[in-house]
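Chemist: Quick one: the structure is below, and I'll ask about it shortly.
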Amino acid sequence: MKPDSIFHTVEISHYIYLSCVLFCIGLFGVLFRRNAIVLLMCIELMLNAVNLLFTAFSSYMGDSSGQLFVFFVMVVAAAEAAVGLAILVMMFRNTRTTDVSFLSNLKG
Amino acid sequence: MPELSKIPWPFLILSFISILCALYVVTSNSPIRSVLALILTFFSISAHYVMLNAQFLAIVNLIVYAGAIMVLFLFVLMLLNLNKETEPLKSNKWLIGAAVSAGLLLLVFTASIQTSSEHIMRHPEAGTGLVKSLGKVLFTDYLVPFELSGILFLAAMVGAVMLGKRDAANESDTEITGREEV
C-alpha cells in the first residue's frame, strides 16, 4: 500500500463526525465546569473543532478560502483569550476565586 | 455511521488521541492537567491538518495555539496559583443536564450528516495548503479582513492592558504597603 493511498481513503464524513464529537465535548465542558479558565479552554476546543471542519472541506474541495477562515478564527481566538484572561485576572483580584457561579450579581 | 474497519489506521489513532485528550480536558480536576491535555489535542489536530495537506496551517496551529495561547493560559494559572485540586464541581443535576444537551446536539449533528445524500470521496488536493496559494488568496481576496484583524488585535491588546491594570486606589492599598513591610 502506497503511503498516498492511505490518506486518500479517508472520507470527508469521518472528519465531520470527528469535529462534531469534539465540538460536543467542548459544549459539555462549557455547561458543566465552573472554573472560568477551564471554560475558556473548552471554548478553544470548540473553535478548534470548527477549524478542523473548515480545513477538511477546504482541502477536499481544493479551495484555499476555507483555510483562510481558519486564520481569522485563530485571530479571534487569540484576541478572545487575551481579553478573557485579563477579565479573569481582574475577577480573581476582586473575588479571590475563578468560580463563575460567584459572578451572579446581575441575576437580580 | 461509517464502519470502523474501513477507516485507515492513522486517522483512527489520531482521532482517538484527540477525543480522549478532549475528554480529559473536560473531566480533569486540575487545571494544569487540562491545559497539558489541551496542548496534546492541538498536536493531534495539527497532525490531522498534515493529513489533509494543509501543512502551513498545521505549523501555524502549533505555533499560535499550542505555543502562544496555551502558554498564556499556563502563565495565568501559575501566576494566580490556581492549581487547586478541589474545584467545587457542579451538582449532579448540572452534570445530567449538560450531558443530555451535548448528547442531543451530537444526535442532531449525526442525523443531519447521515441524511445528506452526497458523499464526497475526493481526495485532498495538494497545493491548496501551501504558503504560496494561501498568501495569494489572503492578499488579494481577503485583504480588507486581514487589515481589520490587525485592528482587532490592537483593540484586544489595549483592552487587555486596560483590564489588567490596577486602579490607583487598589494600588495604594495593597502593593505599596506590601513593599513597605518588606
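Chemist: Got a number for residues in the stretch A:64-103 being within 7 Å of another protein chain (Cβ to nearest Cβ) and open to solvent by 50 Å² or more (accessible area, probe 1.4 Å)?
Modeler: Residues meeting the conditions: 2.
Chemist: For the structure I just gave you, tell me whether A:V38 is of a type outside the set (K, R), at the interface with chain B (Cβ under 7 Å from one of its Cβ atoms) and over 21 Å from B:S46 (Cα atoms). Please lay out each step first, then the result.
Modeler: Numbers: of a type outside the set (K, R): yes; at the interface with chain B (Cβ under 7 Å from one of its Cβ atoms): yes; over 21 Å from B:S46 (Cα atoms): yes.
Here the answer is yes, as A:V38 does meet what is asked.
Chemist: Could you please let me know if B:L36 is aliphatic (A, V, I, L, M) and crowded, with 19+ Cβ neighbours inside 10 Å? Give the steps one after another, and end with the answer.
Modeler: Working: aliphatic (A, V, I, L, M): yes; crowded, with 19+ Cβ neighbours inside 10 Å: no.
For B:L36, the condition - aliphatic (A, V, I, L, M) and crowded, with 19+ Cβ neighbours inside 10 Å - is not met.
Chemist: Consider A:L22 carefully, then state whether it is crowded, with 18+ Cβ neighbours inside 10 Å and under 26 Å from B:L154 (Cβ atoms).
Modeler: Values: crowded, with 18+ Cβ neighbours inside 10 Å: yes; under 26 Å from B:L154 (Cβ atoms): no.
Against the criterion (crowded, with 18+ Cβ neighbours inside 10 Å and under 26 Å from B:L154 (Cβ atoms)), A:L22 does not qualify.
Here is a yes/no grid of residues against (1) modelled with pLDDT under 90; (2) open to solvent by less than 90 Å² (accessible area, probe 1.4 Å); (3) under 30 Å from B:N29 (Cβ atoms); (4) not in a helix (DSSP H, G or I):
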| site | (1), (2), (3), (4) |
| --- | --- |
| B:A99 | no, yes, yes, no |
| B:A102 | no, yes, yes, no |
| B:G129 | yes, yes, no, yes |
| B:F146 | no, yes, no, no |
| B:G150 | no, yes, no, no |
| B:L163 | yes, yes, yes, no |
| B:R166 | yes, yes, no, yes |
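The values are calculated or read from the model by the stated rules, or taken from the named source; none is laboratory data. Quick caveat: nothing in here was measured; it's all calculated off a predicted structure. Cβ sites come from the backbone with ideal geometry, for glycine too, and all protein chains shown count toward neighbours. The accessibility values were calculated without ligands, DNA or RNA, using every heavy atom of the protein model including side chains. Shrake-Rupley method; radii C 1.70, N 1.55, O 1.52, S 1.80 Å.
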